[in-house]
Amino acid sequence: MIKRLLYLTSRILRADPSLVTVQARADLVRLILPVMVFGSIYGAVMGSYNGINAERLVHMLYAAVKVPILLTVAFAISLPSFFVLNTLVGLRDDLGYCLRSLIATQAGLTIILASLAPFTALWYLSFENYNVAILFNMAMFATASISSRIILRRYYTPLIQRDPRHKKMLNAWIFTYGFVAVQMAWVLRPFIGNPESPISFFRQQAWSNAYVKLYEIMCNILQ
Amino acid sequence: MIKWFKQVDSILRGDATRMEAIKDGQVDIPVGGIAVVTVLLCLIYGICMGTFAASSGGDKTQLLASAVKFPLLFFLTLLITFPSLYVFNALIGSKLKMTSVLRLLVASVAVITAIAASLGTIVVFFSLSTNSYNFMVLLNVAACGIGGILGLTFLLKTLHRLVLVSDPYLLDLYTNKQKQITEPINNDTDAEIIIDENTGLAKPAASDSDEQIRSALDTYGSRTDQKAKSVFKIWVFVFSVVGAQMSWVLRPFIGNPEMDFAWFRTKESNFFQAVFSALGNLLGL
């Protein structure tokens, strides 16, 4: 089981073309598995801020559940518009390949993220500051997303060579997905878990807007 | 029902508006079926829009109100702008029939609503997770704006094709021009590429015009009927402005949670003022 999972991760990271062929359609479910497993691993580590004790374990579990939710639900929410836009610009025939590439990239992203988990653990052991811990995790997510673009580029290069419209659609996807994922991350917080607030799956008054908050913070800094 | 959805799909794919498909001067689609699907898509987006008021403590009736009013918005906008489109279309001397213009409009509205409905998931997600009314106003304007821009681009490009096929002279010009473009390239090596003059993107050379132009948004022909095109462009502008203002007249769609539910609000201000004030409020200006 573990051996097969490791084999699969190496195929994903190397952007194995056989993962996204039409014949691989049935294997698609298998690509979801790494998202769940590795997403949970990073989530658990992310939730281990401020040490591990019985109370903290609950929060680690929450975070482990929430990271895969964050990635898959943001993906699902952005999907319908990607589908319609691709159809409209005449790229519907390639849609299957595009989707398989995007899912493989998503799996790649979580694998990279999990590989960065030890750094997060070390950071937690070394530094106390909660706000800096948030920033560090944001940096890890950013690193994983940017690195996963390598996989995406490998899969998309033949497509873009064939039809440059794919590049525009890809950019539209990255924008939409990013736009949704940022808000999703905001809604699903706490991931790291401020030790001063009680442990809960969702934070009280979590329902607000990431972009409005971001703007307010920026205004505060500038004033 | 599934057949109608497939028809909408063929419009989106561009199959229904290829040069071969519109040879007889009109988009060959079942108008009634497309209209039903369009209304359904409108209902979906309307519900997505109303989610904000329903989820942030407002009246749940807003869901119903938005679902009913969103299809109405398109119907009334068409009602207001269709006569002038028909008149101007006749004025520029195009041979388009009224029925074909109408069919095309239904198809375009289908495209607009399909895009809006596909963005509905994002709108619902933000509706549920946001408490900023101004943000929701802008997000909905953006979603409808994207749908509108793409749908009206579809309309313009297809009108252009329809004008082309309905006029033998223009069609002849177009086919000749196409030959001129493709012939010298066919003599050269395979590596030659054509630069699409509208998008500026390189395309693989192909003698078959339909293989070269694949989507519903691509332009056929060239500058032969600039005049017709500019009339349509003006009309599209009018359509957008009327549509925007109509959405203001039919408001509330989103439903400010601080205000009581009402089917309609009193006459005041206009769409553009409201959008700017939402933007201003959001940025704290």
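Key figures
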| item | result |
| --- | --- |
| Cβ neighbours within 10 Å from other chains - mean over B:124-133 | 5 |
| Phi to ³J(HN,Hα) by Karplus 6.51 cos²θ - 1.76 cosθ + 1.60 over the stretch B:279-285, Hz, x for Gly, Pro | 5, x, 4, 5, 8, x, 8 |
| Dipole magnitude (debye, nearest 20) for the stretch A:31-184, charges at Cβ of Lys, Arg, Asp, Glu | 500 |
| Simple Cβ-charge dipole of the protein assembly as shown, Lys/Arg +1 and Asp/Glu -1, about Cα centre, in debye nearest 20 | 400 |
| The stretch A:152-223 - charge dipole about Cα centre, Lys and Arg +1 at Cβ, Asp and Glu -1, debye rounded to 20 | 500 |
| Crossing angle, helix A:130-162 versus chain A [Cα axis fit, 0-90 degrees, rounded to tens] | 0 |
| Volume in Å³ per residue [convex hull over Cα atoms, computed for the protein assembly as shown] | 182 |
| Per-residue [θ]222 nm for chain A (sum of -39500 (n - 2.57) over DSSP H runs n ≥ 4, rounded to 500) | -26500 deg cm²/dmol |
| Computed FRET value (nearest 0.05) for B:S230 with A:L122, which takes r as the C-beta separation and R₀ as 60 Å | 0.40 |
| Where labels lie 7 Å past Cα in the beta-carbon direction, separation of B:L102 and B:F264 in nm | 2.6 |
| B versus A: buried accessible surface, summed, Å² (probe 1.4 Å, to nearest 100) | 2600 |
| Residue among A:L8, B:T113, B:P71 farthest towards the positive dipole end of the protein assembly as shown, charges placed on Cβ | A:L8 |
| Share of carbon and sulfur in the accessible heavy-atom surface of the protein assembly as shown [1.4 Å probe, %] | 66 |
| B:K3 versus A:I146: modelled label distance in nm, points set 7 Å from Cα along the beta carbon direction | 5.5 |
| Violating pairs (Cα-Cα greater than 21 angstrom) within the set B:K60/B:K267; A:K168/B:K157; B:K69/B:K97; B:K69/B:K267; A:K167/B:K6 | B:K60/B:K267; B:K69/B:K97; A:K167/B:K6 |
| Values of log10 I(q)/I(0), in the order q = 0.13, 0.17, 0.18, 0.20 Å⁻¹, for the stretch B:1-86 under a Debye, Cα-only, solvent-free model | -0.58, -0.84, -0.89, -0.99 |
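The values are calculated or read from the model by the stated rules, or taken from the named source; none is laboratory data. All values reported here derive from a predicted model rather than from experimental measurement. Please note: Cβ atoms are built from the backbone with ideal geometry, for glycine as well, and neighbour counts cover all protein chains shown. For the accessible areas, the whole protein counts, side chains as well, though only heavy atoms, and no ligand, DNA or RNA atoms are used. Shrake-Rupley method; radii C 1.70, N 1.55, O 1.52, S 1.80 Å.
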